[in-house]
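The values are calculated or read from the model by the stated rules, or taken from the named source; none is laboratory data. Bear in mind that the values here come from a model prediction, so they are computed numbers and not experimental data. Methodologically, a virtual Cβ is constructed for each residue, glycine included, from the backbone with ideal geometry; neighbour enumeration extends over all protein chains shown. Each accessible area value is taken on the protein alone, full model and side chains, heavy atoms only, with ligands, DNA and RNA left out. Shrake-Rupley method; radii C 1.70, N 1.55, O 1.52, S 1.80 Å.
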Amino acid sequence: MAAAAIAAALLRRSTTSPHRRLILPLLSHLHRPAPQPPSPWLPPQHRFFSSADTAAGDPNPKSPPLDPKQLWRELSSSGPADGSSRLPKATWDAVVALIRGFAKSPAMCDQALALYVPSAEFPTYARRFREFLLPRLSRNSAAHLLSLPAEDAHALLLPAFAEFCVANFADELRQHKSVMAAADLTAPHTWYPFARAMRRRIVYHCGPTNSGKTHNALTRFAAAKSGVYCSPLRLLAMEVFDKVNALGVYCTLRTGQEVKEVPFANHVTCTIEMLSTEELYEVAVVDEIQMMADPVRGFAWTRAVLGLKADEIHLCGDPSVLKIVREICAETGDDLEVHQYERFKPLVVESKTLLGDLKGIRSGDCVVAFSRREIFEVKLAIEKFTKHKCCVIYGALPPETRRQQAKLFNEQDNEYDVLVASDAVGMGLNLNIRRVVFYSLAKYNGDRMVPVPASQVKQIAGRAGRRGSVYPDGLTTTFLKDDLDYLIQCLQQPFEEAQKIGLFPCFEQVEMFASQFPDLSFNDLLDKFRDNCRIDKTYFMCQQASIKKVANMLERVQGLSLKDRYNFCFAPVNVRDPKAMYHLLRFATHYSQSRHVSIAMGVPRGSARNDIELLDLETKHQVLSMYLWLAHHFEEDNFPHVQQAEQMAINIADLLGKSLKNAHWKPESRQQVRQRRGDKDECNEEHASNDSAKDVSKDGYVTTKRTCQNKQLVLGMILACEVAQCSQETSSYNK
């Protein structure tokens, strides 16, 4: 029966026990066999409640507590004026507020997907339900609803809402069903039939940093006949690649930007997004498994766990996603083993902070700041007021530069004995850190300053002390005394259990959905997919803000196929950097015109002399990294300058390393740089083409008037796109 199937789906999708408790009493009746299959929506006797249930009963107000069947019986048998005359204004307003809360509830919106009510349409259907319910609701039923906690009241309303939608909007729901079937992300474990045909052994290495969990997994990886190591960072993939080959095990490296094929290699180290689920391995290692719950990149770890074709899969990370991994193994039929780890030596919190004085810094310290500006301010102050020299590591630096800075810090025979770093130090590098000092424990989240999450504090603090290094004992403290209590609180907290893990549709799913909306732009298509996708309670749809910004910028580029747009939107670009966005737009434009995509960018001859030039070097390396990524994801004939881009990237990474050694200037943000330049022509740093790459000016750049004009025009287009998108988002919010 259709209604029974809907109720069962609602039950399966329930996220809390009250929902299960309220829907369960309905199922015994709903699963009674019918004489013949009914119409999907129309016959009233086969909706949530039978005709026997809706027969007139005892009107005694002292009946048992209200349940969903009673509520629907009352609403369906009452006229529009029966309830309004009995509801006082205060009760009426309270019920209105309750149903508005129902309309805004993410849990109820998720439940409504089982009825084929899209997320974007759910508030509209809830408003119609409110208009239907209020004139018919009795005073006793209203009082009962208002006496319940909001979550229980919403769960009580849910079956009645389902019946109302089925009875009144059958045609609309049928139309939504055909659309949502193409955006169905439920049961993602069934997407990988070859992996499901295997009975895999999953080994969860569960523990904090510096506990040996990854070392044990990599030992098994190196000993296997074939294997793959999945890394969260290029830097870590490169490090494991070097180590495994040094052991005499032939290993290939695959990242988005580079592929190093080693002859006769049966082992692969790769970034998690570059993992192939088509190849068969004996052993697979997935590092930092807790990233399954990451709001942006979590889908890549989910795909690895569900789709890897390996006899033995080693998951390394903290226990935050252990419960979800257990659920996944129960669905897939895989065997799960959990190996618990403890730190080799406990992490010790120094009760004596630096009291706001950087003169208390000592050799082997790592000062952690959460903004680029603070990192350079701290470096400048330490080198000015103490005898120490500082290495610097932060996310915008290329992996090669970060490795060079880490090596410089780890070596004991030089003057660089202090590290100043961002949260990028939390993973991907083996560092000889004696003590982690938090310069602050708040960071900017794009909207406002917020406390650093406890899990991130643990990850970073745990980098102090490393077995086999000169500092085996780990210490941590804060720069300011006021932050010490929060640091202790974070370290004492157990790991927060993740409730959901990330998913994102592959291109084939987007393509199938797009076939129903041939006239939609790619940006609108993504919005439509998100509004109509159905997803299990264990998963969430990963954020796509950066993807949408790129998609919005590329709307003006004609001649790109759907797959081309999909791939360009995943290119590694800093969407907040107009120069990087300009180059991505130029790459896409040339590709759409079947032209060879040129780099059109020069390399300065010397290291940066100020922060503006340092920021420019960072941007140039990001553009080159993006070019190499695109070359590996599109036809190589369209990106013919791969070798040149690789050499330019090496040169710029080297210049960045030299620049950081001599960085004694006040840092500036990218926004300040743009404000200072104002209307100044920024194009004096770009080459007209690769053919003129050798004709460099005194500062190492050359350009043409047309290139400058084109760049200014395109930057204006990017700004216009961003303004239009902000206006559209504001309009949607107001609605």
Pairwise label distance in nanometres, Leu247 with Lys352, each label 7 Å out on the Cα-Cβ vector: 4.2 nm
Rolling a 1.4 angstrom probe over the protein chains, ignoring ligands and nucleic acids, what is the accessible area of Ser231 in square angstrom, nearest 10? 0 Å²
Given the whole protein assembly as supplied and a 1.4 Å probe, what does the accessible area of Thr91 come to in Å², nearest 10? 30 Å²
Keeping all protein chains in position, work out how much accessible area Cys109 exposes to a 1.4 Å probe, and write it in Å² to the nearest 10. 30 Å²
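Taking the DSSP beta bridges in segment 189-340 as the whole, what percent of them are antiparallel, to the nearest 5?
On the way: 2 of 33 bridges.
Around 5 percent of the beta bridges assigned by DSSP in segment 189-340 are antiparallel ones.
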So what's the gap between the Cα centers of segment 473-499 and segment 247-307, to the nearest angstrom? 32 Å
Among the lysines, which fall within straight-line cross-link reach of Lys661, defined as a Cα-Cα distance under 24 Å, with same-chain neighbours fewer than 8 residues apart omitted? Lys359, Lys379, Lys384, Lys387, Lys389, Lys407, Lys620, Lys698
FRET efficiency for Lys389 and Asp637 from the Cβ-Cβ distance with R0 = 60 Å, rounded to 0.05, comes out at 0.80
As an exercise, identify the trypsin sites (Lys or Arg not before Pro) in segment 439-536 lying in DSSP coil whose Cβ has no more than 12 other Cβ atoms within 10 Å. Arg448, Arg467
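Using DSSP to define loop residues, name the chymotrypsin sites (Phe, Trp or Tyr not before Pro) in segment 474-576 whose beta-carbon has at most 11 other beta-carbon atoms within 10 Å. Walk me through the intermediate numbers first.
Numbers: sites: Phe479, Tyr486, Phe495, Phe507, Phe513, Phe522, Phe529, Tyr539, Phe540, Tyr566, Phe568, Phe570; in loops: Phe479, Phe495, Phe570.
Sites meeting the loop and neighbour criteria: none at all.
If you take all C-alpha pairs in segment 68-182, what percent of them are over 22 Å apart? Mind dumping the intermediate values first?
Working: 1933 of 6555 pairs.
Here the long-distance tail beyond 22 Å is 29 percent of all Cα pairs in segment 68-182.
Between the DSSP loop rule and a limit of at most 11 other Cβ atoms within 10 Å, which trypsin sites (Lys or Arg not before Pro) in segment 214-298 are left? Working shown, then result.
Working: sites: Arg220, Lys225, Arg234, Lys243, Arg254, Lys260, Arg297; in loops: Lys225, Arg297.
In loop regions of segment 214-298 (DSSP not H, G, I, E or B), the sparsely surrounded trypsin sites (Lys or Arg not before Pro) are Lys225.
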Express in whole angstrom the spacing between the alpha-carbon centres of segment 173-203 and segment 509-585. 21 Å
Would you list, by chain and number, the lysines whose Cα falls below 28 Å from the Cα of Lys69, excluding same-chain residues fewer than 8 positions away? Lys89, Lys104, Lys177, Lys537
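Sort segment 210-285 into rounded, prolate or oblate with this rule: let a ≥ b ≥ c be the square roots of the eigenvalues of the Cα gyration tensor; rounded if a/c is under 1.5, and if a/c is not under 1.5, prolate when a/b is larger than b/c, oblate otherwise.
Details: a/c = 1.29, a/b = 1.13, b/c = 1.14.
Here segment 210-285 falls in the rounded category.
On the accessible surface of segment 68-182, probed at 1.4 Å, how many percent belong to carbon and sulfur atoms? List each step's numbers first, then the result.
Working: 2400 of 4550 Å².
Ligands and nucleic acids excluded, carbon and sulfur reach 53 percent.
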Run the quick spin-label model on Asn610 and Gln593: label points 7 Å from Cα toward the beta carbon, then report their separation in nm to one decimal. 3.5 nm
What is the percent carbon and sulfur in the accessible area of segment 357-459, measuring with a 1.4 Å probe over the protein chains and ignoring ligands? 51 percent
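Under the rule a/c < 1.5 gives rounded, and otherwise a/b versus b/c splits prolate from oblate, where does segment 348-492 land using the Cα gyration tensor?
Numbers: a/c = 1.31, a/b = 1.22, b/c = 1.07.
Note, shape of segment 348-492 comes out rounded.
Report the full-extension gain for the segment Gln412 to Phe344: residue separation times 0.36 nm, less the Cα-Cα distance, to one decimal in nm. Write out the running numbers ahead of the final one.
Values: separation 68, 0.36 × 68 = 24.48 nm, distance 2.30 nm.
Net length gain for the segment: 22.2 nm.
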